[in-house]
1. Give the stretch 35-64 a look and list any residue that's at pLDDT below 95, part of a loop (DSSP other than H, G, I, E, B) and of a type in the set (A, V, I, L, M, F, W, C), or say none.
2. Among residues belonging to the stretch 19-34 that are exposed (fewer than 10 other Cβ atoms within 10 Å of the Cβ) and among the polar types (S, T, N, Q), point out the one that is modelled with the highest pLDDT.
3. Can you list residue pairs whose Cβ atoms sit under 6 Å apart, with the first residue in the stretch 8-37 being of a type in the set (F, W, Y) and the second being surrounded by 10 or more Cβ atoms within 10 Å (Cβ to Cβ) and assigned to a loop (DSSP other than H, G, I, E, B)? Count only pairs 6 or more apart in sequence or on different chains.
4. I want to confirm something. Restricting to the stretch 3-34 and keeping residues that are assigned to a strand (DSSP E or B) and over 28 Å from the mean Cα position of the chain (by Cα), which single residue is nearest to A77 (Cα to Cα)?
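The values are calculated or read from the model by the stated rules, or taken from the named source; none is laboratory data. Note that the coordinates shown come from a computational prediction; the quantities given were computed from them, not determined experimentally. We place every Cβ from the backbone using ideal geometry, glycine too, and count neighbours over all the protein chains shown.
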Amino acid sequence: YYTGEHAYSTTVFNRFENSPKYITDVALRYAASRNLTLSAGANNLFDVKPDKLPAESAYLGFNQYDTYASQISFNGAFYY
């Protein structure tokens with residue numbers, strides 16, 4: 001709300017709902033010898049990110065993603 005009765009309200013907020021998201025983690029390990037083990041993996045393999053907050057919230061300097069109620073990191077995938 002930029003103008004009108006709710007322009008500076010602290011009780012009327014923008015509607016936002018998180019949609020369900022699913023992530024895939026993969027880890028592989030290979031014992032090449034008795035003293036050497038090779039590992040590779042990925043957290044959030046398909047780079048799933050949370051829903052973005054409504055643009056109407058950005059004027060107050062809010063984050064682009066919901067960092068309080070999201071189960072998924074907004075940083076995306078991590079490979080090792």
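1. V48, L53, F62, listed by residue number.
2. Among residues in the stretch 19-34 that are exposed (fewer than 10 other Cβ atoms within 10 Å of the Cβ) and among the polar types (S, T, N, Q), the one modelled with the highest pLDDT is S33.
3. Cβ pairs passing all conditions: F16/P54.
4. The residue in question is Y30.
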